[in-house]
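Data block below; observations after.
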Amino acid sequence: MSGTPQYKTLKGMQDILPPDTFLWQSVEQTARRIFSAFGFQEIRVPVLEATSVFSRSIGEQTDIVEKEMYTFTDKGGRSVSLRPEGTAAVVRSYVEHNLHSLPSPQKFYYSGPMFRYERPQSGRFRQFYQIGVEAFADPHPRMDAEVISMLGRFLTSIGLEGVSFQINSIGCEQCRPAYKDALLGFFSDKKENLCPDCVRRFDQNPLRILDCKVSRCIEARSDAPRITDHLCQDCRTHFEKLQNLLTLLEVSFAVNPEMVRGLDYYTRTTFEVTSQGLGSQNAVAAGGRYNRLVKEFGGPDTPAIGFAVGMERMVGLLKQSASLTWPAPAVFIAALGEAAGNAALRIAGKLRDQDLWAEVGDAESSLKSQLRRADRLAARFVFILGDEELRSGTLKWKNLADASHGEVKMTEIKEFLAAI
RNA sequence: GUGGGUGUAGCUCAGUCGGUUAGAGCACCAGGUUGUGGCCCUGGUGGCCGGGGGUUCGAAUCCCCUCACUCACCCCA
């Protein structure tokens, strides 16, 4: 084998290998467990959709749609795209299958790969995995609080520490335009103080100036109008109720009026969970309310709220605190000679019938090398089987951890393993 | 798309004022006498030193180009 393999994963794509996969599994299992307790049910949607499913919902002018989608023309001449996020497809499915006719609210979760053609960096990949949830048809801040507290419970349950919740309200179609105008008015005579990116943002997406990291932009916006001071009465009430409910549910959070979300479809509540120790891409989960999207997809006027968790980022954080362990066989059967080797296979089969992980050594190689292998696998027990044992109907056993050893009758293996 | 950093064995890295067959540790495989692992000892597998071009008697080492990886910007989970 030489230095540069002939075939490699594409840029921004990665293989997820054991023992990492065990961590991924436990994250996924925990998500299913917690989300189920909140009444969320799994939905599976395709990774490939008509391009318009994404462009219309995420926003035609967003970077995601403009330059980050894997878009191509299929053999039928249709423009199709790999999903860059999960919500759009779930909403499409919700409308397509009239899921609003299910008892309200309808609550779903999904997980799987998303695709964005970006320059990879720490915590950012071209194929990345998200676990997300979407709750439909409940406009009340109670649902916002439920979803956010569920996310908190999930993160706690998975053992993630040192994360912080930030929430914000970005208003609705009533109050946001006025705020945008106020913001434009504020910055219009301060353009020369802004960084080049923010000068561009001034025209394209002025809200983005609020979360620019450049120090002179931070300075320039210190007296900028705050969205939370420009909310209409309904949005303001909604946001206040949400905060009260989160307090009631003992979710600790901070209001961050400068938090802006990138997707066009959000209304009112937005939230984000960040962690230090993730590098620059520090959001481990994010979401918000999107009250207009279902209608825009041709469905009934249905409010909704959801979030997505970045799996790689979450797993990355977990790996910092917990050490990964490989699972180990329950039993390694070392055999000496062909007859014993065959007997070992039959015994292993019986153990596997009981869902025990049994490994069988190579009966043609030395006992020493078989034991070495058993040790490397960290097998809890070794059974040794040779001609002597075949004659007497017994097995030698050995506990590799403490080197204790003894004999057990072949007919009593089950009892032996049950007793330990 | 823009900028910085790095490319030597499966992994972590030495080796760079250019000088013979490119090294270590770990990992892997096999031995250290008959059927007992870990520790130790011995041996082995494994590198066209990311790729291409140039300078030179001679390049892992110097120059140019290229590719890959990586971090940051942008954007976002």
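The values are calculated or read from the model by the stated rules, or taken from the named source; none is laboratory data. In this text, all values refer to a predicted model and were calculated from it rather than measured experimentally. As a convention, Cβ positions derive from the backbone with ideal geometry for all residues, glycine included, and neighbour counts pool all protein chains shown. What goes into the accessible areas is simple: the full protein's heavy atoms, side chains included, and nothing from ligands, DNA or RNA. Shrake-Rupley method; radii C 1.70, N 1.55, O 1.52, S 1.80 Å.
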Per-residue HN-Hα couplings for region A:412-417 [Karplus 6.51, -1.76, 1.60; θ = phi - 60°; Hz; x = Gly/Pro]: 10, 4, 4, 5, 4, 6
Which residue fluctuates the most in chain A, going by a Gaussian network model with Cα springs under 10 Å, if the choices are A:Asp189, A:Asp355, A:Asp375? A:Asp355
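Kindly report the accessible area of chain A per residue (heavy atoms of protein chains, probe 1.4 Å, no ligands, DNA or RNA), in Å². Please report the intermediate quantities before stating the final value.
Working: 21740 Å² over 420 residues.
That works out to 52 Å² per residue.
So what's the convex hull volume per residue for the Cα atoms of region A:370-420, in Å³? Show your work: numbers first, answer last.
On the way: hull volume 3.8 nm³, N = 51.
Normalising the Cα hull of region A:370-420 by residue number yields 74 Å³.
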Phi to ³J(HN,Hα) by Karplus 6.51 cos²θ - 1.76 cosθ + 1.60 over region A:100-111, Hz, x for Gly, Pro: 5, 7, 6, x, 7, x, 9, 10, 10, 10, 8, 8
Mind checking which of A:Glu258, A:Glu338, A:Glu118 has the largest fluctuation in a GNM of chain A, springs on alpha carbons under 10 Å? A:Glu338
Take region A:331-419, drop everything but the C-alpha atoms, weight them equally and run the Debye formula without solvent; then report log10 I(q)/I(0) at 0.21 Å⁻¹ to two decimals. -0.99
With only alpha-carbon pairs counted, each pair once and no self-pairs, how large is the Kirkwood hydrodynamic radius of region A:119-183 in angstroms? 15.4
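Which number comes out as Rg/Rh for region A:259-396 once both Rg and the Kirkwood Rh are worked out on C-alpha atoms?
Working: Rg = 27.8 Å, Rh = 19.9 Å.
Taking Rg over the Kirkwood Rh, I get 1.40.
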The long-range amide H neighbours of A:Gly171, using H built 1.01 Å from N in the peptide plane and a cut-off of under 5 Å, are A:Arg268
Given Cα positions, please report Rg to Rh for chain A, the hydrodynamic radius being the Kirkwood one. 1.12
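Please state the charge dipole magnitude for region A:331-419, taken about the Cα centre, from unit charges on C-beta atoms (+1 on K and R, -1 on D and E), reported in debye and rounded to the nearest 20.
Values: 13 positive and 14 negative charges, 33 e Å.
Charge dipole, region A:331-419, about its Cα centre: 160 debye, nearest 20.
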Setting aside same-chain residues fewer than 8 positions from A:Lys191, which aspartates and glutamates have a Cα under 17 Å from its Cα? A:Asp181, A:Asp203, A:Asp211, A:Glu219, A:Asp223
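Please report the carbon-and-sulfur percent of the accessible area for chain A; probe 1.4 Å, protein heavy atoms only, DNA, RNA and ligands left out. Each step should come with its number before you reach the end.
On the way: 10670 of 21740 Å².
Reported share for carbon and sulfur atoms: 49 percent.
Dipole of chain A, Cα-centred, from +1 at each Lys and Arg C-beta and -1 at each Asp and Glu C-beta, to the nearest 20 debye? Can you show the working numbers first?
On the way: 51 positive and 51 negative charges, 83 e Å.
Approximately 400 debye in magnitude.
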Among the listed pairs A:Lys11/A:Lys67; A:Lys180/A:Lys213; A:Lys213/A:Lys241; A:Lys67/A:Lys107; A:Lys350/A:Lys409, which have their C-alpha atoms separated by more than 25 angstrom in this model? A:Lys213/A:Lys241; A:Lys67/A:Lys107
GNM on chain A, C-alpha springs below 10 Å: top fluctuator among A:Leu82, A:Leu390, A:Leu249? A:Leu390
Among A:Gly288, A:Gly386, A:Gln127 - extreme Cα towards positive end, dipole of chain A, charges at beta-carbon: A:Gln127
Helix-only estimate, please: 222 nm mean residue ellipticity of chain A, summing -39500 (n - 2.57) across DSSP H runs of length 4 or more and dividing by its residues, to the nearest 500. -10500 deg cm²/dmol
Return the percentage of antiparallel bridges among DSSP beta bridges fully within region A:324-420, rounded to the nearest 5 %. 55
